[in-house]
Amino acid sequence: MLLYGDKGTGKSSTVHAMLNKYAGKGLRCVEIPKEQICLINKVKEVLSALPFKFILFIDDLSLEERDEKVTALKAGLEGSIHERSANVMIAATSNRRHIVKENFSDRENSVHARDTMEEQLSLSDRFGLTVCFSSTGKAEYLSIVKQLAADARIEIPDEELCSLAERWALVKGGRSPRRAKQFIDYVYSCLAKHIPIDI
């Protein structure tokens, strides 16, 4: 499963939410740093013998074209000579749909530019499920803010809360679920310390 899209839109949080929801049914997570992707088949082999279901999690995945980790991950996703593990699913997050970085020079210096591009795109195509996380619009952002405020029992009139949240988004450089969470954390701390909410 590949979760890709803009920063702060909840890709990693979605994986954590899945763990929280299904932990009681035996779901576990093992995070593998992208520097150690070459070990992915060994990790899958160890996990396949255990009586749980596993998410093998790679956060913030981005690779260079000539990186040996590209080949290792392809093999991990499709099995290669290793059998696919029925109890292990690879889940990766990335800010880019095409995980392998592309350069214009790759196309210019290649005799078969189309083949080069296809090779670079082939990794992301190996994920069975691909989910795009797009930027949050104003209405969605404010809806998230209101829900988080209700969850945190913050009692500020909606109009004031939304005005502060919009100012926060302008100062911090955009609207996203992450920005909404940071805003609510800030408001909560200000109220707890009895200090003005100064944005």
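Computed extension gain for C38 through A86, at 0.36 nm per residue and net of the alpha carbon distance, reaches 15.2 nm. To the nearest 10, the accessible area of S134 is 80 Å² with a 1.4 Å probe. Charge tally around R175: other residues with Cβ under 13 Å, Lys/Arg +1 each, Asp/Glu -1 each, net +4.
Mind grabbing the accessible area of Y186 for me, 1.4 Å probe, Å², rounded to tens? Only protein atoms counted, so the area is about 60 Å².
Within the accessible area of region 131-199, the carbon and sulfur atoms contribute 52%, probe 1.4 Å, all protein chains present. Each label point was placed 7 Å from the Cα along the Cα-to-Cβ direction; for R96 and S48 their separation is 3.1 nm.
For R28, the residues whose amide H sits under 5 Å from its own are K53, F54, I55, ignoring neighbours fewer than 5 places away on the same chain, with H placed 1.01 Å from N. Ordered by 1.4 Å accessible area with all protein chains kept, E166, E35 run largest first as E35, E166. Ranked by the mean number of other Cβ atoms within 10 Å of their residues, highest first, the peptides 188-195, 50-57 come out as 50-57, 188-195.
Gyration tensor over the Cα atoms of region 119-199: the corresponding equivalent ellipsoid has semi-axes (square roots of 5 times the eigenvalues, largest first) of 33, 12, 12 Å.
Label-to-label distance, D198 versus E64, with points set 7 angstrom from Cα along the beta-carbon direction: 4.6 nm.
The values are calculated or read from the model by the stated rules, or taken from the named source; none is laboratory data. On a predicted model such as this, the values are computed, not experimentally measured, just so you know. As a convention, Cβ positions derive from the backbone with ideal geometry for all residues, glycine included, and neighbour counts pool all protein chains shown. When the accessible area is computed, the model is the full protein with side chains, heavy atoms only, and any ligands, DNA or RNA have been set aside. Shrake-Rupley method; radii C 1.70, N 1.55, O 1.52, S 1.80 Å.
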